[in-house]
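Taking it in order: structure first as structure tokens, then the write-up.
The values are calculated or read from the model by the stated rules, or taken from the named source; none is laboratory data. Keep in mind that what you see is a predicted model, and the values were worked out from it rather than measured. Cβ coordinates were reconstructed from backbone atoms using ideal geometry, including for glycine residues, and neighbour counts include every protein chain displayed.
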Amino acid sequence: MKTLIYGGHLVDPAQGIDGKRDILLEDGVVKNVADHIVEDAEQKIDATGKIIMPGFIDLHVHLREPGYEYKETIATGANAAAKGGVTTICPMPNTNPVIDSPERVTELLERAKQSPVHILPVGAVTLGQEGKELADIAGMKRAGAVALSEDGKSVMDSLVFRKGLQEAAGNDMPMFSHCEDKALVDGGVMNAGARAEELGLPGITNAVEDVIAARDIFMAKETGCQLHLCHCSTADSAVLVEMAKKQGLNVTGEVCPHHFTMTDEDITEDHGRFKMNPPLRSRKDVEALKKALSDGTMDIISTDHAPHGAEEKNQTMKKAPFGIVGLETSFAISYTELVKAGYLSLSGLVEKMSANPAKVLGIPKGTLAPGSAADLVVADIDTEYAIDSSSFVSKGKNTPFDGKRVYGVIEKTFVDGKLVYEK
Ligand code: DOR
Ligand code: ZN
Ligand code: ZN
């Protein structure tokens with residue numbers, strides 16, 4: 001089966017391409033990329049006026065299966081990914097049961113067999129994410145886990161965490177760190193600051209994140225483990241990642257679209273749709289994160305797609321669970337807020353969403369070089385529209401971005417050369 005996509009504008013930083021190219025897919029891989037390809041393909045797609053990019057790789061997604069299928073299933077989450085142009089997702093292990101053993105990894109991959117996008121599981125650091133006993137890290141790696149994380153919380157016992165980092169390093173797996181000092185949260189539900197005071201809500205200070213980010217960087221240094229800091233939300237997290245890079249450590253930082261676009265001042269009412277962990281921070285933090293994305297300190301954009309039921313989120317900040325969805329809006333928000341606003345080139349955005357996540361995982365994706373898997377998106381970046389959560393295919397409609405006007409429509413998504421989504 002051959003597919004020729006012609007007339008489009010290809011953006012592939014790994015090949016240094018940002019220009020008009022035709023691309024030929026055959027048997028699931030990219031066969032040829034050239035100015036003009038003449039080929040008798042079964043499928044021919046006119047991409048004139050459209051952008052072609054390597055499919056996005058989202059290192060931070062919550063799929064909720066097994067255990068919380070009313071929030072999301074592997075199928076609904078994977079379809080949301082395909083619609084968002086995300087061709088590979090890494091689901092976090094905080095399901096019920098927790099993905100904390102080789103058997104659970106195998107079972108998850110079994111359930112994911114029919115998925116339209118690639119699913120690369122993240123295993124828990126400790127059994128049941130209880131922070132006490134290490135999970136069988138080597139076994140999970142053999143079963144197909146690509147990284148480790150206690151996401152939803154930090155491994156608070158530093159000695160247990162050190163052992164986890166040593167095991168991760170020994171098995172050549174990156175550690176994805178959710179940085180949150182448990183005791184310091186002290187019941188907080190939103191960013192500590194003037195807005196929290198106005199709303200009469202308990203605050204989460206920046207230090208809740210920063211002290212663990214610093215701890216994890218120094219422990220990664222001591223153990224030689226590859227460290228990836230999840231959902232960085234503070235100005236000082238960028239300072240810390242910059243410091244780690246200057247020391248030559250293998251440390252990367254991820255930022256989620258909500259953290260580089262919204263501030264706590266955008267919280268117009270005490271409602272659960274504004275509640276996520278880490279929380280929406282101050283204007284100063286948001287500006288620092290955009291600068292860090294722009295100058296390369298922050299490497300990756302991921303969503304922390306965290307679907308919840310409507311009843312759960314339609315409550316006050318104190319009662320609602322933490323988390324918002326993101327798979328179906330990440331490209332449009334990032335394109336609008338970073339590329340159109342001048343912080344990144346489109347090629348720079350593709351680095352953050354495709355090439356760099358592939359590097360963190362050490363997988364040969366995130367590029368459309370000949371021989372690569374034909375995971376790609378065709379997008380329209382010229383049409384403005386309003387985000388409408390009622391159109392989401394994810395079960396989760398919980399987003400603070402409803403009604404936001406953006407550019408960036410994913411028109412087609414291919415995984416291994418197969419069309420898995422079409423607008
Ligand atoms: O907002 C969040 N939601 N942050 C997390 O760390 C966990 C996630 C979830 O699982 O809902
Ligand atoms: Zn987290
Ligand atoms: Zn998460």
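Which one of Ser302, Ser334 is within 16 Å of ligand 2 (Cβ to nearest atom) and either among the basic types (Lys, Arg) or in contact with a Leu (Cβ under 8 Å, 6 or more places away or on another chain) (or both)?
Details: Ser334 fails: within 16 Å of ligand 2 (Cβ to nearest atom).
Of Ser302, Ser334, the one residue that is within 16 Å of ligand 2 (Cβ to nearest atom) and either among the basic types (Lys, Arg) or in contact with a Leu (Cβ under 8 Å, 6 or more places away or on another chain) (or both) is Ser302.
Kindly evaluate Gly85 against the criterion of being without any contact (Cβ under 8 Å) to a residue 40 or more places away in the chain and either among the hydrophobic types (A, V, I, L, M, F, W, C) or away from ligand 2 (no atom under 16 Å from the Cβ) (or both).
So Gly85 does not fit the description; no.
Considering only the stretch 287-301, how many residues are buried (at least 24 other Cβ atoms within 10 Å of the Cβ) and either among the acidic types (Asp, Glu) or under 22 Å from Ala196 (Cβ atoms) (or both)?
1
Take the conditions of a type in the set (Phe, Trp, Tyr) and under 16 Å from the mean Cα position of the chain (by Cα) and apply them to Phe331. Does it pass?
In short, yes.
Is it the case that Gly200 is surrounded by fewer than 18 Cβ atoms within 10 Å (Cβ to Cβ) and over 19 Å from His178 (Cα atoms)?
Yes.
Examine the stretch 244-263 for a residue that is more than 19 Å from the chain's Cα centre (by Cα), buried (at least 21 other Cβ atoms within 10 Å of the Cβ) and not hydrophobic (A, V, I, L, M, F, W, C), and state whether such a residue exists.
No: zero hits.
Cβ-Cβ below 6 Å, separation at least six or inter-chain, first residue in the stretch 217-240 and within 20 Å of Pro357 (Cα to Cα), second basic (Lys, Arg) and within 16 Å of ligand 1 (Cβ to nearest atom): which pairs?
Ser233/Arg281
Could you please find all residues in the stretch 25-67 being within 16 Å of ligand 1 (Cβ to nearest atom) and surrounded by fewer than 18 Cβ atoms within 10 Å (Cβ to Cβ)?
Within the stretch 25-67, Pro66, Gly67 meet the criteria.
Quick check on Val146: is it under 17 Å from the mean Cα position of the chain (by Cα) and within 15 Å of ligand 2 (Cβ to nearest atom)?
no
Given the criteria modelled with pLDDT of 95 or more and within 16 Å of ligand 1 (Cβ to nearest atom), does Pro278 qualify?
Judged against the criteria, Pro278 is a match.
Within the stretch 101-118, count every residue that is part of a loop (DSSP other than H, G, I, E, B) and either out of contact with any strand residue (DSSP E or B) (no Cβ under 8 Å at 6 or more places or on another chain) or surrounded by fewer than 23 Cβ atoms within 10 Å (Cβ to Cβ) (or both).
6
Let me spell it out: the conditions are (1) under 24 Å from Asp186 (Cα atoms); (2) more than 15 Å from ligand 2 (Cβ to nearest atom), and Val239 meets all of them except one. Which number is the exception?
So the condition that Val239 fails would be (1).
From Cys225, Cys179, which residue is within 16 Å of ligand 2 (Cβ to nearest atom) and either within 23 Å of Leu59 (Cα to Cα) or touching a helix residue (DSSP H, G or I) at 6+ places or on another chain (Cβ under 7 Å) (or both)?
Cys179
Which members of the stretch 107-164 meet the condition of being of a type in the set (Asp, Glu) and within 16 Å of ligand 3 (Cβ to nearest atom)?
Glu150, Asp151, listed by residue number.
I need every pair where a residue in the stretch 277-290 that is outside any loop (DSSP other than H, G, I, E, B) has its Cβ under 7 Å from the Cβ of a residue that is hydroxyl-bearing (Ser, Thr, Tyr) and away from ligand 2 (no atom under 16 Å from the Cβ), sequence separation at least 6 or different chains.
From residues that are outside any loop (DSSP other than H, G, I, E, B), the pairs are Arg283/Thr263; Val286/Thr263; Lys290/Tyr343.
Is it fair to say Val98 is within 15 Å of ligand 2 (Cβ to nearest atom) and either assigned to a helix (DSSP H, G or I) or buried (at least 20 other Cβ atoms within 10 Å of the Cβ) (or both)?
In short, yes.
When only residues in the stretch 303-322 that are outside any loop (DSSP other than H, G, I, E, B) and under 22 Å from Pro93 (Cα atoms) count, which is nearest to ligand 3 (Cβ to nearest atom)? Show your work before the answer.
Filtering the stretch 303-322 for residues outside any loop (DSSP other than H, G, I, E, B) gives 305, 310-313.
Add one more test, that the residue is under 22 Å from Pro93 (Cα atoms), and what stays is 305, 312-313.
Values: His305: 8, Glu312: 16, Lys313: 16 Å.
Ranking the qualifying residues of the stretch 303-322, first place goes to His305.
When you scan the stretch 179-211, how many residues do you find that are closer than 18 Å to His259 by Cα, within 16 Å of ligand 3 (Cβ to nearest atom) and not β-branched (Val, Ile, Thr)?
Total satisfying the criteria: 3.
Looking at Lys313, Lys319 in this structure, which one is within 16 Å of ligand 1 (Cβ to nearest atom), surrounded by fewer than 16 Cβ atoms within 10 Å (Cβ to Cβ) and either under 13 Å from the mean Cα position of the chain (by Cα) or over 30 Å from Ala379 (Cα atoms) (or both)? Outline the logic, then answer.
On the way: Lys313 fails: surrounded by fewer than 16 Cβ atoms within 10 Å (Cβ to Cβ).
Residue meeting the stated conditions: Lys319.
Among the residues of the stretch 149-159, which ones are surrounded by fewer than 18 Cβ atoms within 10 Å (Cβ to Cβ), outside any loop (DSSP other than H, G, I, E, B) and either charged (D, E, K, R) or touching a residue at least 12 places away in the same chain (Cβ under 8 Å) (or both)?
Answer for the stretch 149-159, where residues must be surrounded by fewer than 18 Cβ atoms within 10 Å (Cβ to Cβ), outside any loop (DSSP other than H, G, I, E, B) and either charged (D, E, K, R) or touching a residue at least 12 places away in the same chain (Cβ under 8 Å) (or both): just Ser158.
What residue, of Ala207, Ala169, is surrounded by fewer than 24 Cβ atoms within 10 Å (Cβ to Cβ), under 20 Å from Ala288 (Cα atoms) and of a type in the set (A, V, I, L, M, F, W, C)?
Result: Ala207 is the single residue among Ala207, Ala169 that is surrounded by fewer than 24 Cβ atoms within 10 Å (Cβ to Cβ), under 20 Å from Ala288 (Cα atoms) and of a type in the set (A, V, I, L, M, F, W, C).
Starting from the stretch 361-388, take each residue that is without any contact (Cβ under 8 Å) to a residue 24 or more places away in the chain and list its partners that are basic (Lys, Arg), counting only C-beta distances under 9 angstrom and pairs at least six apart or across chains.
Glu384/Arg405; Ala386/Lys404; Ala386/Arg405
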